[in-house]
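What follows is calculated from the coordinates using simple rules that are stated; it is not laboratory data. Computed from a predicted structure; not experimentally measured. Cβ placement follows ideal geometry from the backbone for every residue including glycine, while neighbour counts extend to all protein chains displayed.
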Amino acid sequence: MNIVPLLLGVAVIIGIVILFVGIRFPYHAGAIEDRLQEAINMQPRTLEELEMEKPFSERVIFPLLKRLGEAGNRLFPRDPQDQLRKKLDKAGYAGKLEPGTIFLLQAACLIVFGGLGWAALYLVNLDFTIELKLAITGGLAFIGFAYPRSWLNQKIARRQKSIRLSMPDALDLLTICVEAGLGFDLALAKVVGKWQNDLSVAFGRALKEMQLGKSRREALKAMAERIDIPEMTSFIAAIIQSEQLGASMAKILRIQSDQMRLRRRQHAEEEAHKVPVKMLIPMALLIFPSIVILIMAPAAFKLMNSAAGALFK
């Protein structure tokens, strides 16, 4: 008899939850019809409306930086520009930024960091010698000069990591499409249409180069050089070799997909093994001193208030 009130209570709670869900998320019987009607009533958008839908950085910031970079390209040697252009390709900023943009940003950050550091030292009016002030200002200026290159290297590492993580899934889709009877180019187009990430953008650029007249081998090699990770290099080499030898493309893609998953797992294990070493610095500088203070402070206060504390006064 004691179970009946419990069951009634559970039933009441379930009913309240169902009622809340029904009110919160009502079911629309004509959801598909509503979507079709919205698609029918959709008006064609103008170029200005499509342009305004882009982020502010793509509409204003990147075009402005690109124009400044085109002007700055005339001021710097060709060889450093070529090296920096390759880095911009690896970071995914091809066509958005110019090598001159990075050079100008380095000069601007050098002046800003150094000027702000000197102004702060002057306003605070610390009792520093002129040599120490110059050393601090020079250090801040060097940090400002190196910051754009450091930012670019971080973008390259982040893009390479994103591509490395998404390659197994993309190769699975490529394998399914090729096994279904599609050609390799059409399978790449399916991947480009399926996802919106760094890997799909790289595949889309390679497809455009093929459409503009480049051979598949040249376009794929150029894509591997722009991405510059071992996984992509081995994948492109296997694709080119299978094309030359006439091997089964689906089988090659299946093997490459399994290898990519194995490499992704190994890379994750490698990163996991690095975590304890990286944790030593914050633990030594932040966590251990706090623990020592929490443990030793009560004992220190008791010692100061005791008879033994009079010896230290």
Check: At what distance in angstrom do the alpha carbon centres of region 108-129 and region 130-163 lie from each other?
Finding: 17
Notebook entry, point to check: Which semi-axes, in whole Å and largest first, does the equivalent ellipsoid of region 160-262 have when worked out from the alpha carbon gyration tensor as the square roots of 5 times its eigenvalues?
Noted result: 17, 16, 14
Notebook entry, point to check: For Arg216, Arg265, Arg164, Arg159, what's the fewest-to-most ordering of other Cβ within 10 Å of each Cβ?
Noted result: Arg265, Arg216, Arg164, Arg159
Next item on the list: Over the alpha-carbon set of region 56-158, work out the extent along each principal axis and list the three values in angstrom, largest first.
Entry: 49, 31, 30
Notebook entry, point to check: Tell me, Phe235, Phe301, Phe184 in order of fewest to most beta-carbon neighbours within 10 Å?
Noted result: Phe301, Phe184, Phe235
Next item on the list: Rounded to whole Hz and in sequence order, give me ³J(HN,Hα) for region 78-94 from the Karplus expression 6.51 cos²θ - 1.76 cosθ + 1.60, θ = phi - 60°, writing x for Gly and Pro.
Entry: 6, 4, x, 5, 5, 5, 6, 5, 5, 5, 5, 5, 5, 7, x, 10, 5
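From the cross-link list Lys66/Lys194; Lys90/Lys221; Lys87/Lys214; Lys86/Lys221; Lys96/Lys155, which pairs have alpha carbons spaced over 20 Å apart? Write out the running numbers ahead of the final one.
Details: Lys66/Lys194 30 Å; Lys90/Lys221 14 Å; Lys87/Lys214 22 Å; Lys86/Lys221 14 Å; Lys96/Lys155 14 Å.
Violating the 20 Å Cα-Cα cut-off are Lys66/Lys194; Lys87/Lys214.
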Next item on the list: Fewest Cβ neighbours within 10 Å first, please rank Leu123, Leu132 accordingly.
Entry: Leu123, Leu132
Notebook entry, point to check: In what sequence, highest mean first, do 269-275, 80-86 appear when ranked by Cβ atoms within 10 angstrom?
Noted result: 80-86, 269-275
Checklist line | Dipole-positive endmost among Ile229, Ala247, Ser215 within region 160-262 (Cβ charges, Cα centre) | finding: Ser215
